[in-house]
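**Student:** The structure under discussion is supplied below as structure tokens; questions concerning it will follow.
The values are calculated or read from the model by the stated rules, or taken from the named source; none is laboratory data. Keep in mind it's a predicted model, so treat the numbers as computed, not measured. Reconstructed Cβ throughout: ideal geometry from the backbone, glycine too, with neighbour counts over all protein chains shown.
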Amino acid sequence: MDIDLFEKYESNVRGYIRSFPTIFTRAKNATVWDHHGKSYIDFFGGAGSLNYGHNDPAVQEAMIDYIQRDGMLNALDKATDAKYHFIKKFQETILLPRGLDYKIQFVGPTGTNAVETALKLARKVKQRSKIVAFTNAYHGHTLGALAVTGNEFYHDDYYGVPLNVTKMPFDQYFDEDDQMDSIDMMRRYYEDGSSGYEVPAGIIVETIQGEGGINVSSIEWLKKLEKMCRDLDILLIIDDIQVGNGRTGNFFSFERAGITPDIITISKSIGTGLPMAIVLMRPEIDQWSPGEHTGTFRGNSLAFIAGATALKRWDNDEFAKEIRRKGEWVEKRFRAIKARFPDHISDVRGLGMIWGIESSIEGFCNEVSREAFEHGLLAETAGATDQVIKFLAPLTISQAELDKGLDILEAAIEATAA
Ligand code: PMP
């Protein structure tokens, strides 16, 4: 296979080939192989869509079985047994044990579709057009989702981004000795008619900003946000597309704060990497009319089959314990790396199995990512200026794969710092 074909007929600008210049041919759990037979440890994890690893044998078997019995592959929104089993498993394993009462809307196929559905629903239900999002947020690139995405790199005046959106400061935006945090600030604005700030229909937030640079909001901030939403009749939308599906050690990322969002967006790993996106909403805000919000690809049966199979991991507490144990291991190693390279690493932060190593030196993290790739590790950067190296390996990564990847990453940092 000739890698130049991609540049010639597609583009090396648009594809990940610019960061990982090879052709991948095979993948198993947290290891992938390219056409030369070279192996790589996968800390990229499909940007959070491979929490259950590549080619989990149980998932493979269930999909092969469905195909062999001629299950309906593209069903649009028809009721199929594949969808039935997914909904049942999701209810029984995830929602009911957590005391959560939500209706499911299948949108899709991508996370961005879930975000845009959530924004539309909030505006419809509250009959207000304003939406609030946060600095450094990432919710997608199509025009509606782009309106709530922070990073100015993605914006261009000529796109004519359509929504009525205000960006507010994310948690820890102000210094510790400032008198108020961003929620206090918002509340003041909304309660003071002279500010000209209209109360929004909804506020969309990631509890940990993934693409924005692994910015972890505090429990206190999330609780205050929820309270403000209740007090001022605003719908709280949690975008759990990247940090849901167990990434933080709980199935939903907001569980640690004990808050109950009105709307939740989920995608990526919910279909184990096959296209699926869902919106969860409190039953009383499911106010769609028949056919009002549709699309062709909302019923990927293989994603339902794969997703329902992967959810079996949540049948008991073992998986969550495993995530937390591995996460603590990563944290320990990352803190040791920071201590070893104090002139190059300015911060280490994360939760569960999402971690970031930040450098204030321009271009440092991109160089580490390139160096790591050379030595058999896929690790992406995050943050407005690519100032963070991101750890987002499959939650199922074996201890041997984890250690190997961490060793390659540390060696890449050493080589780049030298
Ligand atoms: N929201 C968040 C928090 C995300 O991380 C992403 C993808 N990185 C999206 C939305 C958009 O999802 P998709 O790329 O599947 O459209």
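**Student:** State yes or no: is V348 part of a strand (DSSP E or B) and among the hydrophobic types (A, V, I, L, M, F, W, C)? Steps first, please.
**Tutor:** On the way: part of a strand (DSSP E or B): yes; among the hydrophobic types (A, V, I, L, M, F, W, C): yes.
For V348, the condition - part of a strand (DSSP E or B) and among the hydrophobic types (A, V, I, L, M, F, W, C) - is met.
**Student:** So in the stretch 25-42, with the set limited to residues that are free of Cβ contacts under 8 Å to residues at least 12 places away in the same chain and not in a loop (DSSP other than H, G, I, E, B), which one is farthest from Q60 (Cα to Cα)?
**Tutor:** The first filter runs over the stretch 25-42 and keeps only residues free of Cβ contacts under 8 Å to residues at least 12 places away in the same chain, leaving 25-26, 33, 37.
Cutting the leftovers down to not in a loop (DSSP other than H, G, I, E, B) gives us 25-26, 33.
On the way: T25: 17, R26: 14, W33: 18 Å.
Looking at residues that are free of Cβ contacts under 8 Å to residues at least 12 places away in the same chain and not in a loop (DSSP other than H, G, I, E, B), I get W33.
**Student:** Next up: Out of K103, K88, K120, K83, report the one residue that is touching a helix residue (DSSP H, G or I) at 6+ places or on another chain (Cβ under 9 Å), modelled with pLDDT of 95 or more and within 16 Å of the ligand (Cβ to nearest atom). Working first, answer last.
**Tutor:** Numbers: K103 fails: within 16 Å of the ligand (Cβ to nearest atom); K88 fails: within 16 Å of the ligand (Cβ to nearest atom); K83 fails: within 16 Å of the ligand (Cβ to nearest atom).
None of the other options fit; the residue is K120.
**Student:** Right, here's the next one. Under 8 Å by Cβ, and 6 or more places apart or on different chains, what pairs join a residue from the stretch 134-146 that is on the phi > 0 side of the Ramachandran plot and within 11 Å of the ligand (Cβ to nearest atom) with one that is among the β-branched types (V, I, T) and at pLDDT 95 or above?
**Tutor:** G140/T110; G140/T112; G140/V115; G140/T149
**Student:** Being of a type in the set (S, T, N, Q) and outside any loop (DSSP other than H, G, I, E, B) is the filter here; which residues of the stretch 369-418 pass it?
**Tutor:** So in the stretch 369-418, the residues of a type in the set (S, T, N, Q) come out as 369, 381, 385, 387, 396, 398-399, 416.
S369, T381, Q399, T416, listed by residue number.
**Student:** Would you check which residues across the stretch 181-229 are in a strand (DSSP E or B), farther than 11 Å from F170 by Cβ and not small (G, A, S) and list them? Walk me through how you get there before you give the answer.
**Tutor:** Of the residues in the stretch 181-229, the ones in a strand (DSSP E or B) are 202-205, 208-209, 215-216.
After this cut, where a residue has to be farther than 11 Å from F170 by Cβ as well, the list is 202-204.
The answer is I203, I204.
**Student:** Can you confirm whether D386 is surrounded by fewer than 22 Cβ atoms within 10 Å (Cβ to Cβ) and within 21 Å of the chain's Cα centre (by Cα)? Outline the logic, then answer.
**Tutor:** Details: surrounded by fewer than 22 Cβ atoms within 10 Å (Cβ to Cβ): yes; within 21 Å of the chain's Cα centre (by Cα): yes.
For D386, the condition - surrounded by fewer than 22 Cβ atoms within 10 Å (Cβ to Cβ) and within 21 Å of the chain's Cα centre (by Cα) - is met.
**Student:** What is the one condition in (1) crowded, with 24+ Cβ neighbours inside 10 Å; (2) among the aliphatic types (A, V, I, L, M); (3) within 16 Å of the ligand (Cβ to nearest atom) that M281 does not satisfy?
**Tutor:** Here M281 meets the rest and fails (3).
**Student:** I would also like to ask the following. Kindly check whether there is at least one residue in the stretch 262-282 that is under 21 Å from Y138 (Cα atoms), in a loop (DSSP other than H, G, I, E, B) and in contact with a Cys (Cβ under 9 Å, 6 or more places away or on another chain).
**Tutor:** Scanning the stretch 262-282 turns up at least one residue that is under 21 Å from Y138 (Cα atoms), in a loop (DSSP other than H, G, I, E, B) and in contact with a Cys (Cβ under 9 Å, 6 or more places away or on another chain).
**Student:** Kindly indicate whether any position in the stretch 286-304 is small (G, A, S), within 20 Å of F106 (Cα to Cα) and within 14 Å of the ligand (Cβ to nearest atom). Steps first, answer last, please.
**Tutor:** Pass one, the stretch 286-304, residues small (G, A, S): 289, 291, 295, 299, 301, 303.
Restricting the remaining residues to those that are within 20 Å of F106 (Cα to Cα) gives 289, 291, 295, 299, 301, 303.
Keeping just the survivors that are within 14 Å of the ligand (Cβ to nearest atom) gives 295, 303.
The answer is yes, given that some residue of the stretch 286-304 is small (G, A, S), within 20 Å of F106 (Cα to Cα) and within 14 Å of the ligand (Cβ to nearest atom).
**Student:** Is it fair to say I208 is in contact (Cβ under 8 Å) with a residue 40 or more places away in the chain, of a type outside the set (D, E, K, R) and in contact with a Cys (Cβ under 7 Å, 6 or more places away or on another chain)? Please lay out each step first, then the result.
**Tutor:** On the way: in contact (Cβ under 8 Å) with a residue 40 or more places away in the chain: yes; of a type outside the set (D, E, K, R): yes; in contact with a Cys (Cβ under 7 Å, 6 or more places away or on another chain): no.
No, not satisfied.
**Student:** In the stretch 1-37, what count of residues is obtained for those that are exposed (fewer than 11 other Cβ atoms within 10 Å of the Cβ) and among the basic types (K, R)?
**Tutor:** Final tally of qualifying residues: 2.
**Student:** Only one of (1) crowded, with 18+ Cβ neighbours inside 10 Å; (2) over 23 Å from T396 (Cα atoms) is not met by A339, so which one is it?
**Tutor:** Tallying (1) crowded, with 18+ Cβ neighbours inside 10 Å; (2) over 23 Å from T396 (Cα atoms), A339 fails exactly one: (1).
**Student:** Tell me which of these S267 doesn't satisfy, since it passes every other one: (1) under 17 Å from the mean Cα position of the chain (by Cα); (2) of a type in the set (S, T, Y); (3) away from the ligand (no atom under 16 Å from the Cβ).
**Tutor:** Checking S267 against (1) under 17 Å from the mean Cα position of the chain (by Cα); (2) of a type in the set (S, T, Y); (3) away from the ligand (no atom under 16 Å from the Cβ), the one that fails is (3).
**Student:** Only one of (1) under 30 Å from G273 (Cβ atoms); (2) more than 16 Å from the ligand (Cβ to nearest atom); (3) touching a residue at least 60 places away in the same chain (Cβ under 8 Å) fails for G246. Which number is that?
**Tutor:** Just one mismatch for G246, condition (2).
**Student:** Going through F170, F153 one at a time, which residue ends up being within 15 Å of the ligand (Cβ to nearest atom), at pLDDT below 90 and either among the aromatic types (F, W, Y) or surrounded by fewer than 19 Cβ atoms within 10 Å (Cβ to Cβ) (or both)?
**Tutor:** None of the other options fit; the residue is F153.
**Student:** Related question: Considering the stretch 81-101 alone, what residues qualify as being more than 17 Å from L311 (Cβ to Cβ) and touching a residue at least 12 places away in the same chain (Cβ under 8 Å)?
**Tutor:** In the first step, residues of the stretch 81-101 are kept if they are more than 17 Å from L311 (Cβ to Cβ); the result is 99, 101.
Hit for the stretch 81-101 is D101, nothing else.
**Student:** Moving on. Going residue by residue through the stretch 216-235, is there one that turns out to be within 12 Å of the ligand (Cβ to nearest atom) and crowded, with 24+ Cβ neighbours inside 10 Å?
**Tutor:** Scanning the stretch 216-235 turns up no residue that is within 12 Å of the ligand (Cβ to nearest atom) and crowded, with 24+ Cβ neighbours inside 10 Å.
**Student:** Consider the stretch 352-366. How many of its residues are assigned to a helix (DSSP H, G or I) and surrounded by fewer than 24 Cβ atoms within 10 Å (Cβ to Cβ)? Talk me through it step by step, then tell me what you get.
**Tutor:** So in the stretch 352-366, the residues assigned to a helix (DSSP H, G or I) come out as 364-366.
Retained after the next criterion (residues that are surrounded by fewer than 24 Cβ atoms within 10 Å (Cβ to Cβ)): 364, 366.
Counting residues in the stretch 352-366 that are assigned to a helix (DSSP H, G or I) and surrounded by fewer than 24 Cβ atoms within 10 Å (Cβ to Cβ) gives 2.
**Student:** While we're on this one: Please verify whether L163 is surrounded by 14 or more Cβ atoms within 10 Å (Cβ to Cβ), away from the ligand (no atom under 12 Å from the Cβ), not in a strand (DSSP E or B) and not small (G, A, S), treating the condition exactly as stated. Working first, answer last.
**Tutor:** Values: surrounded by 14 or more Cβ atoms within 10 Å (Cβ to Cβ): yes; away from the ligand (no atom under 12 Å from the Cβ): yes; not in a strand (DSSP E or B): yes; not small (G, A, S): yes.
In short, yes.
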